[in-house]
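Single-structure report; data block below.
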Amino acid sequence: MRVASRRLTLLVTVLAAGLLLGMTPGNAPAPAASERRAAERVSLVQVETPVGPVQRTYFLAVPPGPDIARPLVIVLHGRSQTPGAAMRYSGMEELGSTEGFVTVFPSSYAGAWNAGTCCAAGDHPDMPDVEFLDHVVADVRKRTPVDPSRVHMVGFSNGGMLAYRYACQRPGRLAGVGVVAGAMSADAGYADAGPQRCRPDVPVSVVAVHGAKDTTVPYDGGTVAGTDRGAVAPVRAGIDQFAVAGACSTHRSSRVGGTARLDYAGCTGGVAARLVKINDFGHGWTRDAARHGYDTSRGLWDFLRDKRSAGA
């Protein structure tokens with residue numbers, strides 16, 4: 001489904017918000033609070049939508065240090081969640097502070113992202129979320145230097161589904177995508193193309209992390225729990241789509257503790273694709289490596305850190 005071009009008008013409201021929550025992934029200590037820049041809450045008005053103008057927000061966190069062009073990681077929360085919740089459970093802001101990347105946490109409309117068959121809000125399935133994210137990135141680049149070849153998008157559940165959709169429709173704008181407990185839509189109308197036809201014209205690196213015991217977004221595909229619409233393809237199908245688009249020539253399976261990993265390599269333009277299946281885990285974003293064998297945030301960044309966009 002293509003969305004006609006729509007305008008986004010900025011409000012001048014930028015509120016400092018000390019949302020520095022969660023634990024620091026890995027072994028590196030987080031910078032002291034006095035050394036961090038407080039996250040900013042930026043308000044935007046999306047003018048042309050199915051419900052008229054709506055005010056939306058995103059949180060921007062810039063790591064300490066000089067104003068140099070840095071990688072950007074956009075984190076999309078799950079259905080019925082908030083950007084603040086994503087900041088807490090992902091810890092990506094703190095990881096960005098230690099690793100030197102900018103993090104952005106956009107807000108969905110009415111608690112849901114329009115990712116195709118899942119899970120647009122109420123009676124308004126056509127909210128132009130892909131274009132909203134276009135404008136968020138453009139606005140961030142006005143506020144802080146960003147390396148255009150290192151823009152990444154990660155999302156949880158419904159947010160991960162939108163990350164897939166964005167990569168299908170805007171592949172040249174992303175270096176990498178991380179999908180946590182999400183899957184690609186199984187609807188043939190999705191992104192003007194279902195899983196069989198989602199062929200990005202620019203290769204994009206993709207990593208998916210999923211619990212084998214997930215009953216909300218089933219690992220083997222099917223209906224998303226708690227929704228009256230929303231069939232998704234098997235989790236591996238999304239990774240396979242981008243492996244095909246990247247002309248990846250080899251793949252290798254491995255096991256580390258309680259995780260099974262599938263890596264595609266030999267791809268066009270240096271891209272890669274990876275699937276991490278956490279065997280003893282359900283629907284969530286785990287950072288408990290001791291219990292579940294995987295720190296999702298660290299795993300995402302370790303995969304994404306060296307990826308560059310072929311279309312930037």
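Just give me the residues in the range 275-293 being within 19 Å of residue 255 (Cβ to Cβ), of a type outside the set (Ser, Thr, Tyr), buried (at least 19 other Cβ atoms within 10 Å of the Cβ) and touching a helix residue (DSSP H, G or I) at 6+ places or on another chain (Cβ under 7 Å), in sequence order.
Scanning the range 275-293 gives 275, 276, 278, 281.
Give just the number: which of (1) within 27 Å of residue 93 (Cα to Cα); (2) basic (Lys, Arg); (3) assigned to a strand (DSSP E or B) does residue 307 not satisfy?
Every listed condition holds for residue 307 apart from (3).
Residue-by-condition table, conditions (1) in contact with a Cys (Cβ under 7 Å, 6 or more places away or on another chain); (2) not β-branched (Val, Ile, Thr):
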{"position": "79", "(1), (2)": "yes, yes"}
{"position": "82", "(1), (2)": "no, no"}
{"position": "88", "(1), (2)": "no, yes"}
{"position": "102", "(1), (2)": "no, no"}
{"position": "119", "(1), (2)": "no, yes"}
{"position": "142", "(1), (2)": "no, yes"}
{"position": "145", "(1), (2)": "no, yes"}
{"position": "152", "(1), (2)": "no, yes"}
{"position": "158", "(1), (2)": "yes, yes"}
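Residues in the range 54-80 that are in a loop (DSSP other than H, G, I, E, B), within 20 Å of residue 109 (Cα to Cα) and more than 14 Å from the chain's Cα centre (by Cα): how many?
Residues that pass the stated criteria total 1.
Taking the range 217-233 as the search range and keeping residues that are modelled with pLDDT of 90 or more and farther than 17 Å from residue 163 by Cβ, which one is farthest from the chain's Cα centre (by Cα)?
Applying the filter and picking the extreme gives 220.
When you look at residue 259, is it surrounded by 15 or more Cβ atoms within 10 Å (Cβ to Cβ) and either more than 28 Å from residue 112 (Cα to Cα) or at pLDDT below 90 (or both), yes or no?
So residue 259 passes the test.
Would you say residue 206 is within 21 Å of residue 114 (Cα to Cα), touching a Gly at 6+ places or on another chain (Cβ under 8 Å) and outside any loop (DSSP other than H, G, I, E, B)?
Yes: the conditions hold for residue 206.
Go through the range 141-152 and give me each residue that's within 27 Å of residue 79 (Cα to Cα) and either in contact with a Leu (Cβ under 6 Å, 6 or more places away or on another chain) or aromatic (Phe, Trp, Tyr) (or both).
Those that are within 27 Å of residue 79 (Cα to Cα) and either in contact with a Leu (Cβ under 6 Å, 6 or more places away or on another chain) or aromatic (Phe, Trp, Tyr) (or both): 151, 152.
The values are calculated or read from the model by the stated rules, or taken from the named source; none is laboratory data. Everything numeric here is computed off the predicted structure, so don't read it as measured data. In this analysis, Cβ positions are derived from the backbone assuming ideal geometry, glycine residues included, and neighbour counts consider all displayed protein chains.
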